[in-house]
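Enquirer: Take this structure first; my questions come after.
The values are calculated or read from the model by the stated rules, or taken from the named source; none is laboratory data. Everything numeric in this text was worked out from a predicted model, so none of it was measured. Because the Cβ atoms are built from the backbone with ideal geometry, glycine has one as well, and the counts that use them run over all protein chains shown.
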Amino acid sequence: MDRLNFCRAGWPFPDALGQSIARERFRTLLLGSFSAIALILAAIGIFGVVSYSASQRTHEIGIRMALGAQRHDVLHLILGQGAKLAALGLGIGVVLALLLTRLIASLLYSASATDPLTFGAVAIILLGVAVTACYIPARRAARVDQMVALRYQ
């Protein structure tokens, strides 16, 4: 039912307006919920990959620390590795999003599919989540005891 029919049926205008955009509001809520779940799953995945990679490099990290590397050097090493992976994934994602703008445009309400502000904000949020997910394994790797790491098999 469109807005005009709601108003002719005796509905107050705010109710008629609310009913006319209820479907779009539900789609937005659903899309936002799935996006939040995808962001959480991506953060967990990045955390797992970086954590596994750091645990596989325990011996190397122990040698680096024994040769004089400081904790902040190891932290920067692991964070840099995670940030490079995140930037690569972000670049691929932006290119794919730009290629799929026609599909995206049909899902948007009063916004352009190639809005640079939206693309920039999403990129910053995703990069921030990725670096945050990398921080815990990096901090754990920086606290590795040198002797334990050198004996690590």
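Enquirer: Can you go through ALA54, ALA22 and tell me which one is modelled with pLDDT under 90 and closer than 27 Å to ALA141 by Cβ?
Expert: ALA54
Enquirer: Just one of ALA54, ALA43, ALA69 is of a type outside the set (Asp, Glu), surrounded by 14 or more Cβ atoms within 10 Å (Cβ to Cβ) and without any contact (Cβ under 8 Å) to a residue 60 or more places away in the chain; which is it?
Expert: Exactly one residue qualifies, and that residue is ALA69.
Enquirer: Now for a separate question. Mind listing whichever residues of region 20-30 are exposed (fewer than 12 other Cβ atoms within 10 Å of the Cβ) and among the aliphatic types (A, V, I, L, M)?
Expert: If the condition is that a residue be exposed (fewer than 12 other Cβ atoms within 10 Å of the Cβ) and among the aliphatic types (A, V, I, L, M), then ALA22, LEU29, LEU30 are the ones that fit.
Enquirer: In region 98-118, which residues are in contact (Cβ under 8 Å) with a residue 12 or more places away in the chain and either under 13 Å from CYS134 (Cβ atoms) or surrounded by fewer than 16 Cβ atoms within 10 Å (Cβ to Cβ) (or both)?
Expert: If the condition is that a residue be in contact (Cβ under 8 Å) with a residue 12 or more places away in the chain and either under 13 Å from CYS134 (Cβ atoms) or surrounded by fewer than 16 Cβ atoms within 10 Å (Cβ to Cβ) (or both), then LEU98, THR101, LEU107, TYR109, THR114 are the ones that fit.
Enquirer: Looking for whichever is surrounded by 14 or more Cβ atoms within 10 Å (Cβ to Cβ), over 20 Å from the mean Cα position of the chain (by Cα) and at pLDDT below 85 here; the options are LEU17, LEU75. Which one fits?
Expert: LEU17
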